[in-house]
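Asker: Here it is, the structure, as structure tokens.
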Amino acid sequence: MSASLSPGLYIVAGPIGNLSDLSSRAAEILRGADLIAVEDTRVSAKLLRHAESDRPMVPYHDHSDERVRLRLVERMASEAIALLSDAGTPLISDPGYKLVRDARAAGRAITTIPGPSAAIAAITLSGLPSDRFCFMGFLPPKTKARTDALTEVATLRASLVFYESGPRCAASLGDMATVLGDRPAALCREISKAYEETLTGTLSELAAACTAKEPRGEIVIVVGPPGERPQAAEEDVEAALVEALSRLSASQAASEVARTLGADRKALYARAMELRGKS
């Protein structure tokens, strides 16, 4: 067991590009851990050299055998085990949640050492509303699955954050424009690296730019929230409510119409009860 670190799991956030972004506390953990679980030993070796750490590494990723995870949890009873992803904060579109889940179930001590996250960094660069946002990770590669995923969040009144690869950027941005509407967006790439760049514009403009020149490097797309929904005409709301009442309870009908047309649910419920009383 490390002389300075208590046994347990240490979730260590590493840099997303610039090695100097590694915190002094994170470096201290990497020097003091008994073992470091990493996605790719070749990638992490560079960071460990920067942190002046000579601690042993073990590969741990989405394809690791369950026995690897169980062995790590066992060792946490008497050793300090650090979890490190290839870049940024572990578990954010990276493997690790099962390790944290099993460690917690086994009663192991768990500590997080916070630090860089590409999603958060991109939001700060985008100039888009940040009071509410939804992190979507990587969209599915197939068009149908991608549009289905976008449809699920199309009405969410929040900024949306996606990770994407350069070759898929144009297609993904085009689908976003089709499903979400041509909203303002930002494409941030190579954050904290020498060629950091942020492009802003509408989704269709960014799609055209990526079609003309495929972006390279690590990419985060931030999409602004939907605009204010136009108020539905009173007669349209009434017709929708009558139709919903033909198949739903008053409460369910009011909720459905409120959600789809943006009308006040309490007023809709009162009207639904009136209509039910007349029938």
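The values are calculated or read from the model by the stated rules, or taken from the named source; none is laboratory data. Just so it is clear, the model here is predicted, and its values are computed rather than measured. Here Cβ is always computed from backbone atoms with ideal geometry, including for glycine, and neighbour counts include all displayed protein chains.
Asker: Could you tell me which of the residues Leu72, Leu47, Leu91 is under 18 Å from the mean Cα position of the chain (by Cα) and not charged (D, E, K, R)?
Answerer: Leu91
Asker: Within the stretch 11-27, can you find the residues that are crowded, with 19+ Cβ neighbours inside 10 Å and touching a residue at least 60 places away in the same chain (Cβ under 8 Å)?
Answerer: Ile11, Val12, Ala13, Gly14, Pro15, Ile16, Gly17, Leu22, Ala26
Asker: Out of all the residues in the stretch 101-151, which are charged (D, E, K, R) and touching a Cys at 6+ places or on another chain (Cβ under 8 Å)?
Answerer: Correct list: empty.
Asker: For the stretch 56-71, check the following and say yes or no: at least one residue is out of contact with any helix residue (DSSP H, G or I) (no Cβ under 8 Å at 6 or more places or on another chain), crowded, with 19+ Cβ neighbours inside 10 Å and over 28 Å from Glu197 (Cβ atoms).
Answerer: no
Asker: Working carefully through the options Pro184, Pro225, find the one that is more than 16 Å from the chain's Cα centre (by Cα) and either among the aliphatic types (A, V, I, L, M) or under 18 Å from Gly127 (Cβ atoms) (or both).
Answerer: After ruling out the rest, the residue left standing is Pro184.
Asker: Output the number of the condition that Pro129 fails; it satisfies all remaining conditions of (1) over 15 Å from the mean Cα position of the chain (by Cα); (2) in a strand (DSSP E or B).
Answerer: Only one criterion is unmet by Pro129, namely (2).
Asker: Follow-up. Between a first residue in the stretch 90-111 that is over 25 Å from Cys134 (Cβ atoms) and acidic (Asp, Glu) and a second residue that is surrounded by 14 or more Cβ atoms within 10 Å (Cβ to Cβ) and modelled with pLDDT of 90 or more, which pairs have beta carbons less than 8 Å apart while being 6 or more apart in sequence or on different chains?
Answerer: Partner pairs satisfying both residue conditions: Asp102/Arg69; Asp102/Val73.
Asker: Counting only residues that are assigned to a loop (DSSP other than H, G, I, E, B) and buried (at least 24 other Cβ atoms within 10 Å of the Cβ), how many does the stretch 77-86 have?
Answerer: Counting residues in the stretch 77-86 that are assigned to a loop (DSSP other than H, G, I, E, B) and buried (at least 24 other Cβ atoms within 10 Å of the Cβ) gives 1.
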